[in-house]
Amino acid sequence: MKGSAKGRYGLQFMVDLALQAGHGPALVNAIAQRQALPPKFLRVLLGSLKAADLVKVQRGPSGGCELARHPSHITALEVLEVLEGRLGAIDLPADATPGARAVRELWTRSTEAARQVLRATTLADLAEKQRALEVDSHGYSI
């Protein structure tokens, strides 16, 4: 399964917000710098995430954005489907060949397996994984 930049960047953005949860709103530019992502692109993604009630935005001098729910209550599947649409099966015409139908069945099974993994993975899980990788990359044991 190959995700688009929207999905990858969106998940990185949301994981950063999960890491900042409880510390007040975070600035998009600060997140972009920490995650090495383009700030303009994150602002575009922010619109979709806000419309889906996954992120809330505060304007003003102490403004920024934060998760609308606790990180343990937002799944990777939720984020990806907001940004990329529903992960689903291949569409086939009614007169598809047996070979095409066999491929569709494989694609359907593999897509459902991926959906199960993404549904079972929360932003809290990903934030914890990022913390562990950051510790490990600095030469400390985890």
Compute the orientation-averaged projected area for the chain from the convex hull of its Cα atoms and round it to one decimal in nm².
10.8
Degrees, to the nearest 10: 98-120 long Cα axis against longest axis of the chain
20
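Anything over 22 Å Cα to Cα? Flag those among Lys40/Lys129; Lys50/Lys129; Lys6/Lys56, in the order listed.
As for pairs spanning more than 22 Å Cα to Cα, those are Lys40/Lys129; Lys50/Lys129.
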Please give the calculated 222 nm ellipticity per residue for the chain, where each DSSP H segment of at least 4 residues contributes -39500 (n - 2.57) and the sum is spread over every residue; nearest 500 deg cm²/dmol?
-19000 deg cm²/dmol
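Bear in mind these aren't lab numbers, they're just calculated from the coordinates by the rules spelled out. None of the values given here were measured: they were computed from a predicted structure.
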